[in-house]
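I have placed the structure first, in the form of structure tokens, so that the comments after it can refer back to it.
The values are calculated or read from the model by the stated rules, or taken from the named source; none is laboratory data. Remember, it's a predicted structure, so these values are computed and weren't measured experimentally. Because the Cβ atoms are built from the backbone with ideal geometry, glycine has one as well, and the counts that use them run over all protein chains shown. Side chains included, ligands, DNA and RNA excluded: accessible areas come from the protein's heavy atoms. Shrake-Rupley method; radii C 1.70, N 1.55, O 1.52, S 1.80 Å.
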Amino acid sequence: MHKDSNLVLISILTISLYAFSCDSNASTKTQFNIMETTIAKVHHAFENGDLTARQLVEMYLARIEAYDQSTKLNAIVVVNPNVLIIADELDTEYKKTGKLRPLHGIPIIVKDNYDTYDLPTTGGSLAMKGSIAPDDAFQVAKIREAGAIILGKSNMAEWAFSAYKTESSIAGITRNPYDLSRVPAGSSGGTAAAVAANLALAGLGTDTGNSIRGPSSHNNLVGIRSTMGATSRDGIIPLMLRNDIGGPFARTIEDAVRIYEVIAGYDPKDSITKRSQGKIADDYLQYLSPNSLKGARIGVLRRYIDTPTADPEIITLTEKAIADLKAAGAEIVDPFDISNYATLIDGIWCNVFRHDVNNYFASLGKNAPVKSLQDVKDSGLYLPYVEKMIEGSLEKTVPPDERDPICIDLYNSPKNVAFSKAVNDAMDAAGIDAFIYPTWSNPPRLVGDMESPAGDNSQYLSPHTGMPAITVPSGFTDNGLPAGITFIGRHFDEPKIMGYVYGYEQATLHRKAPPGFEQLSK
């Protein structure tokens with residue numbers, strides 16, 4: 001395993017930061033309970049004078065120092081050395097104004113493929129060691145503007161190439177906090193593991209085929225993959241830009257929605273977000289009602305439940321989720337399916353990594369550590385499991401808009417248009433508002449296991465239609481491994497889907513912290 005010498009000493013950096021926080025100018029201790037806290041609870045504590053942003057950051061730094069490396073969770077690539085300065089500035093601002101910004105003082109962990117002007121952005125690759133982007137990704141800039149504190153960067157699958165594991169040449173293997181012998185899924189597993197273990201209040205990750213929803217499911221979290229065009233992709237190292245989405249990880253749907261409200265909307269640097277104009281709600285929180293499922297018609301996509309390789313415990317948890325939805329007032333349409341599904345998805349993936357990542361390298365300017373994907377290949381600075389993807393991508397020399405069929409955005413590529421129409425037509429024919437399926441049909445694999453059934457159900461429906469998908473915890477297997485269910489709705493139907501997820505979440509309350517990452521003694 002390779003490690004970046006500038007990033008490996010996370011524990012030492014964190015200790016030094018924490019020691020600095022305890023000097024004569026440091027804040028006094030607080031009785032605030034950080035475990036499973038929420039944005040609303042933090043802001044209420046700020047308003048009551050029971051907590052400061054500095055104190056909150058100190059607690060998260062202490063947890064990172066205590067747990068991340070000692071357990072081999074290994075979720076954190078680098079801690080932001082300026083977090084305490086930023087926290088102090090936000091505390092001073094609040095004292096002066098008496099007003100809290102939407103994410104004021106909230107420590108958020110960001111996947112290592114989001115550009116940050118003040119921290120390296122490597123995409124998990126040693127070939128990108130020390131790369132500092134000229135500015136923030138759009139979503140990072142928006143959460144900073146809203147008062148969030150970027151606590152640090154989280155580990156990821158190298159170049160986001162794996163849906164199944166989170167392993168990089170820059171930082172090694174990230175593990176699942178619910179069972180450290182198992183994977184957190186890929187490629188945003190570092191963000192998910194950190195948020196699940198209460199090393200950050202919430203996080204940002206990316207999803208090309210799975211990687212918000214899969215890690216959220218494996219780590220007992222809520223994850224939002226938005227409608228394509230509802231959120232900007234600017235400043236995110238692409239995997240396949242036509243499918244890429246960035247979005248929030250949180251322990252509750254309310255916190256995920258609070259972050260989504262900040263990052264959603266038009267960005268002139270990402271032309272596809274023009275589609276969001278006039279379609280972004282002013283207030284998404286208003287749709288979070290415990291009664292939102294009453295009268296909702298919810299389809300059950302049986303093709304991802306009744307499969308020979310599906311784990312019996314996951315099937316049982318999914319059937320219980322269906323019963324819980326019905327008990328909460330939903331009208332269940334079971335089964336729901338899409339005609340000619342297998343034919344529609346055949347050949348729908350289109351490898352545009354070389355084209356997209358070369359454009360990203362160009363955006364870094366003269367200081368880019370590599371100028372092309374060929375440079376990455378020539379450097380040899382990558383783990384063996386990504387070599388085949390790199391080599392295959394280098395063979396794709398025809399520009400996406402000149403291929404047959406063309407391979408451009410989801411709203412203009414013929415295969416994607418046909419698939420999206422088929423899904424919407426099926427929903428119309430069934431008279432449903434949304435449909436559900438188990439996010440994964442199998443529990444998290446053991447680290448190193450790439451042979452047993454994976455169970456990933458998220459690679460096609462949302463990534464190739466552009467429709468929004470939200471995963472929410474649906475319970476645990478008998479040995480304590482998390483599971484989740486996904487809700488999918490029509491384009492820009494986020495308010496409705498968020499409401500359904502909230503109704504289900506509040507009726508079931510499946511979220512719980514992983515054992516072994518308890519509250520630190522005061």
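Points worth noting:
- Matching residues in segment 253-270 - criterion: being among the β-branched types (Val, Ile, Thr) and surrounded by fewer than 24 Cβ atoms within 10 Å (Cβ to Cβ): Val262
- Residue in segment 179-193 that is in contact (Cβ under 8 Å) with a residue 24 or more places away in the chain, out of contact with any Pro (no Cβ under 8 Å at 6 or more places or on another chain), in a loop (DSSP other than H, G, I, E, B) and farther than 22 Å from Asn442 by Cα present: no
- Selected residue (criterion: nearest to the chain's Cα centre (by Cα)) from residues of segment 405-419 that are of a type outside the set (A, V, I, L, M) and open to solvent by 20 Å² or more (accessible area, probe 1.4 Å): Asp409
- Among residues of segment 300-323, those that are open to solvent by 80 Å² or more (accessible area, probe 1.4 Å) and among the aromatic types (Phe, Trp, Tyr), counted: 0
- Selection status of Gly152, in a loop (DSSP other than H, G, I, E, B) and out of contact with any helix residue (DSSP H, G or I) (no Cβ under 6 Å at 6 or more places or on another chain): no
- Residue in segment 397-404 that is surrounded by fewer than 22 Cβ atoms within 10 Å (Cβ to Cβ), within 26 Å of the chain's Cα centre (by Cα), within 30 Å of Gln374 (Cα to Cα) and touching a residue at least 40 places away in the same chain (Cβ under 8 Å) present: no
- Residue within segment 284-299 that is of a type in the set (A, V, I, L, M, F, W, C), buried (at least 16 other Cβ atoms within 10 Å of the Cβ) and in contact with a Leu (Cβ under 8 Å, 6 or more places away or on another chain) present: yes
- Verdict on Leu100 being assigned to a loop (DSSP other than H, G, I, E, B), farther than 29 Å from Asp179 by Cβ and either open to solvent by less than 50 Å² (accessible area, probe 1.4 Å) or at pLDDT below 95 (or both): yes
- Test result for Leu73, in contact with a helix residue (DSSP H, G or I) (Cβ under 7 Å, 6 or more places away or on another chain) and in a helix (DSSP H, G or I): no
- Every test in (1) in a loop (DSSP other than H, G, I, E, B); (2) open to solvent by 70 Å² or more (accessible area, probe 1.4 Å) is passed by Lys326 save one, and that test is (1).
- Within this structure, Ala281 passes the test of being surrounded by fewer than 19 Cβ atoms within 10 Å (Cβ to Cβ) and not in a strand (DSSP E or B).
- Within segment 329-366, the residues that satisfy the criterion of being charged (D, E, K, R) and either modelled with pLDDT of 95 or more or open to solvent by less than 40 Å² (accessible area, probe 1.4 Å) (or both) are Glu331, Asp334, Asp337, Asp346, Arg354, Asp356.
- Positions within segment 36-56 being in a loop (DSSP other than H, G, I, E, B), open to solvent by less than 40 Å² (accessible area, probe 1.4 Å) and either free of Cβ contacts under 8 Å to residues at least 24 places away in the same chain or of a type in the set (A, V, I, L, M) (or both), in sequence order: Leu51
- Residue in segment 231-241 that is touching a helix residue (DSSP H, G or I) at 6+ places or on another chain (Cβ under 6 Å) and either under 12 Å from Pro468 (Cα atoms) or part of a strand (DSSP E or B) (or both) present: yes
- So Lys165, is it more than 20 Å from the chain's Cα centre (by Cα) and either surrounded by fewer than 24 Cβ atoms within 10 Å (Cβ to Cβ) or in a loop (DSSP other than H, G, I, E, B) (or both): no
- The set of residues in segment 373-390 that are farther than 18 Å from Ala163 by Cβ and open to solvent by less than 30 Å² (accessible area, probe 1.4 Å) comprises Leu373, Val376.
- First in segment 248-276 and more than 30 Å from Ala483 (Cα to Cα) and in a loop (DSSP other than H, G, I, E, B), second anywhere and among the aliphatic types (A, V, I, L, M) and open to solvent by 10 Å² or more (accessible area, probe 1.4 Å), Cβ under 6 Å, 6 or more apart: Gly265/Ile280
- Within segment 76-87, the residues that satisfy the criterion of being out of contact with any Phe, Trp or Tyr (no Cβ under 9 Å at 6 or more places or on another chain) and surrounded by 18 or more Cβ atoms within 10 Å (Cβ to Cβ) are Ile76, Val77, Val78, Val79, Asn80, Ile86, Ala87.
- Of the residues in segment 378-386, at least one is within 25 Å of Asp244 (Cα to Cα) and free of Cβ contacts under 8 Å to residues at least 60 places away in the same chain.
- Which listed residue, of Ala157, Ala196, Ala171, Ala250, is buried (at least 24 other Cβ atoms within 10 Å of the Cβ) and under 10 Å from the mean Cα position of the chain (by Cα): Ala250
- Complete set of residues in segment 313-363 that are over 18 Å from Thr486 (Cβ atoms) and small (Gly, Ala, Ser): Ala327, Gly329, Ser339, Ala342, Gly347, Ala362, Ser363
- Met128 fulfils the conditions (1) of a type outside the set (Gly, Ala, Ser); (2) within 22 Å of Asn351 (Cα to Cα); (3) open to solvent by less than 10 Å² (accessible area, probe 1.4 Å); (4) touching a strand residue (DSSP E or B) at 6+ places or on another chain (Cβ under 9 Å) except for a single criterion, (4).
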